[in-house]
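Below: one structure, written as structure tokens.
The values are calculated or read from the model by the stated rules, or taken from the named source; none is laboratory data. Please read all numbers here as calculations on a predicted model, not as lab measurements. Counting neighbours? That spans all protein chains shown, and the Cβs are built from the backbone with ideal geometry, glycine included. Note: areas computed on protein heavy atoms with side chains; ligands, DNA, RNA excluded. Shrake-Rupley method; radii C 1.70, N 1.55, O 1.52, S 1.80 Å.
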4 protein chains.
Amino acid sequence: MTTMSKDECLVKRFMYEIANYVLYASKVIDSASVEAALEILLENIRNGRKVLVIGAGRSGLAGRAFAMRLMHLGFNVYVFGETITPAVGENDLIVAISGSGSTKLIVTAATAAKEMKAKIIAITSHRDSPLAKISDQVIMIPGRTKLASEESDYTVRQILGSHEPLAPLGTLFEVTLNVFLDSLIAELMQRLGKTEIDLRKRHATIE
Amino acid sequence: MTTMSKDECLVKRFMYEIANYVLYASKVIDSASVEAALEILLENIRNGRKVLVIGAGRSGLAGRAFAMRLMHLGFNVYVFGETITPAVGENDLIVAISGSGSTKLIVTAATAAKEMKAKIIAITSHRDSPLAKISDQVIMIPGRTKLASEESDYTVRQILGSHEPLAPLGTLFEVTLNVFLDSLIAELMQRLGKTEIDLRKRHATIE
Amino acid sequence: MTTMSKDECLVKRFMYEIANYVLYASKVIDSASVEAALEILLENIRNGRKVLVIGAGRSGLAGRAFAMRLMHLGFNVYVFGETITPAVGENDLIVAISGSGSTKLIVTAATAAKEMKAKIIAITSHRDSPLAKISDQVIMIPGRTKLASEESDYTVRQILGSHEPLAPLGTLFEVTLNVFLDSLIAELMQRLGKTEIDLRKRHATIE
Amino acid sequence: MTTMSKDECLVKRFMYEIANYVLYASKVIDSASVEAALEILLENIRNGRKVLVIGAGRSGLAGRAFAMRLMHLGFNVYVFGETITPAVGENDLIVAISGSGSTKLIVTAATAAKEMKAKIIAITSHRDSPLAKISDQVIMIPGRTKLASEESDYTVRQILGSHEPLAPLGTLFEVTLNVFLDSLIAELMQRLGKTEIDLRKRHATIE
């Protein structure tokens, strides 16, 4: 890992360290679960089924950014809590995001989806969480979350040094999540044979 | 820069390259303009004035994630387009985000704010854009945007290699923006003497 | 009740009948529970506590319109699910809206608020619903909702005649709700001694 | 018009008077322009084109409630400013709502849509407004708006009596708008041969 001079502007130093955390995270994510999620997503678009992205707070915002790109790729995608979200049911797909895996409203919504026989991909830091347990596929994203044990906290400190408040609350999970979801989009583009021009055609023209 | 084995899962490889782009970006951001923006933000919270965050599409989502943390820090912050956004006027602060600096609605909104004598911090990739020109302080964030010249595109290709569709449309701007804004929060925490516990107290309790 | 000529444009005839339903509804709402809710709201603004408005779907949209006016009146009000919604706790106020009183996410959110000792005003058509049962004050708004019993359905048919699909799903509840909440605002204005000019000062200046 | 006893709870009295205003409004709306708008909407669903609903503030909330029902009816409908709003272009339909007809962002958005050769239905109180002028079809909804002349104000006072603050700012426009849009939905249901059961099938199942 390269270093940054100590007398640099601290904001840039923090950027550097957060980016380093994502470099670390990119190595520990389990490839097999990513591949399984890609296959579920590709089957979803082939069958023209709906995708509903569910998340609260900053995870929900990352989910929306992901949903926007899925729309650009031609997915029939909706965001939980927005106006035109339709009925979902059997064979539709839920992408549920929660660092802790125990955000009440996300677990409630995912449980309701499960009862309707929708398929669920969970993105979380906690394999033993209520969300992970009801999901068909779990992708583990590292990050110090609200539930962080001292052990995972220790890993973060190793990476980031002693700057305790550098990445408060779910920040590391959220940044890694954003980069992960954008990388998933890049891979979906390749597998679907889509170019940037294809995406641009579906990009909102009025904004 | 470290390398990643060629036979790794492509999604993880993309994460790695996007993170490397942020490492690059963290070096080219102008420290003086970041310092100036920090001082405007600190003056804003000291005076108890309003902050209004304005952005469209995925930049707007990054702006909301920033607004949420400003709220956790005690800022009197609002998001353009949400329900309870109040009147803003003289001495209030607008943080306006647009990679191209020419998104129509953002320029229209920022122009209206300017007429009311609000102060404007622009975050953009284009110094000569309409948004940058009417702003009091401009922070330049690199990233291939909708208007990317061949030159900036070249820089990106140097970093990313030849994976043209790896980071479509404004992706690199948006990822860098997210990390930059989280780093700004980290520095504001330090300067305001806030701990993670302080932030947690203001974090939504119902979600 | 006045009548409308049979050969009028049907849309205008439907408006007429929906307005007549609101006239009917304005007579059956219980005055004592409205007065109790007004007192809770007035105590809230006097003490500078937070109000959080919670609702899903079209009830949630009516709730947002109400929240916007509460903001114009000077309340410290937030909308569940939006970006800058802060922590709520003891002595804060939840206004929870659900025609059926059993919308899962609203009940989940209200239950969480209850655990934090927030005060809850429920607006619903069902006194025996899970939402009504955990609330400190219930305002009953008539309207054929998802759970409509044949009895309440009968009342609606008496008013509206046989046009079964005239007001599908929760429409009558939602329209009555909108008019009720605007009337509550009118009364709050009077009791707080606020004029339209006071409201205009807080109205969003950039839109 | 029936009357209401003077000693009734004031909130119920206000409901009664607002409902009376809608009764009045239901008589003055121009039937021919409503019929023209219905035909544009029916052509839109027959051709499977997109509808984009645009509005700010409380008018935007009424627009969202309308969009939700259009979705329940099978329209390919989107809301300006939400996450998954796609490109719109030639032959798509914009429903643009602004009481004053001069809300900057709505005029900016509608102008952009016009340049892309989308068709525009404007819903406004002002026939001479910038929005009305660029629209293909204008529906005039009465209501005292931000621009209310003394003359229109006089009409409102005749209906409502002297309660100046009863319906502050755009309230009367917004309430009438809500009832008008729900009545448009009722008529679309009839013309499309849709029943409440059809709508329920598309209603969000997770909320």
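Quick look at the numbers
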| quantity | calculated |
| --- | --- |
| Count of residues meeting criterion [out of contact with any helix residue (DSSP H, G or I) (no Cβ under 7 Å at 6 or more places or on another chain) and under 12 Å from D:Thr205 (Cβ atoms)] in region A:70-95 | 5 |
| So A:Leu192, is it aliphatic (A, V, I, L, M), touching a strand residue (DSSP E or B) at 6+ places or on another chain (Cβ under 7 Å) and modelled with pLDDT of 90 or more | no |
| Qualifying residue in region A:84-93 (condition: within 14 Å of chain B (Cβ to nearest Cβ) and touching a Leu at 6+ places or on another chain (Cβ under 9 Å)) | no |
| Test: residue in region C:155-163 that is in contact with a Gly (Cβ under 6 Å, 6 or more places away or on another chain), at pLDDT 50 or above and part of a helix (DSSP H, G or I) | no |
| Where a residue in region D:17-31 is facing chain C (nearest Cβ under 7 Å) and free of Cβ contacts under 8 Å to residues at least 60 places away in the same chain and its partner, wherever it lies, is part of a helix (DSSP H, G or I) and open to solvent by less than 20 Å² (accessible area, probe 1.4 Å), with Cβ under 6 Å and at least six apart | D:Ala19/C:Ala19; D:Ala19/C:Val22; D:Ala19/C:Leu23; D:Leu23/C:Ala19 |
| Pairs where the first residue, in region C:185-197, is in contact (Cβ under 8 Å) with a residue 40 or more places away in the chain and the second is small (Gly, Ala, Ser), C-beta under 8 Å, 6+ apart | C:Leu192/C:Gly74; C:Lys194/C:Gly74 |
| Matching residues in region B:191-207 - criterion: being more than 7 Å from chain A (Cβ to nearest Cβ) and assigned to a helix (DSSP H, G or I) | B:Arg191, B:Leu192, B:Ile197, B:Asp198, B:Lys201, B:Arg202 |
| Test: B:Ile18 is crowded, with 17+ Cβ neighbours inside 10 Å and under 20 Å from A:Glu17 (Cβ atoms) | yes |
| Hits in region A:32-71 - residues which are among the small types (Gly, Ala, Ser) and more than 7 Å from every other protein chain (Cβ to nearest Cβ) | A:Ala32, A:Ser33, A:Ala36, A:Ala37, A:Gly48, A:Gly55, A:Ser59, A:Gly60, A:Ala62, A:Gly63 |
| Flag if A:Leu10 is in contact with a helix residue (DSSP H, G or I) (Cβ under 9 Å, 6 or more places away or on another chain) and open to solvent by less than 20 Å² (accessible area, probe 1.4 Å) | no |
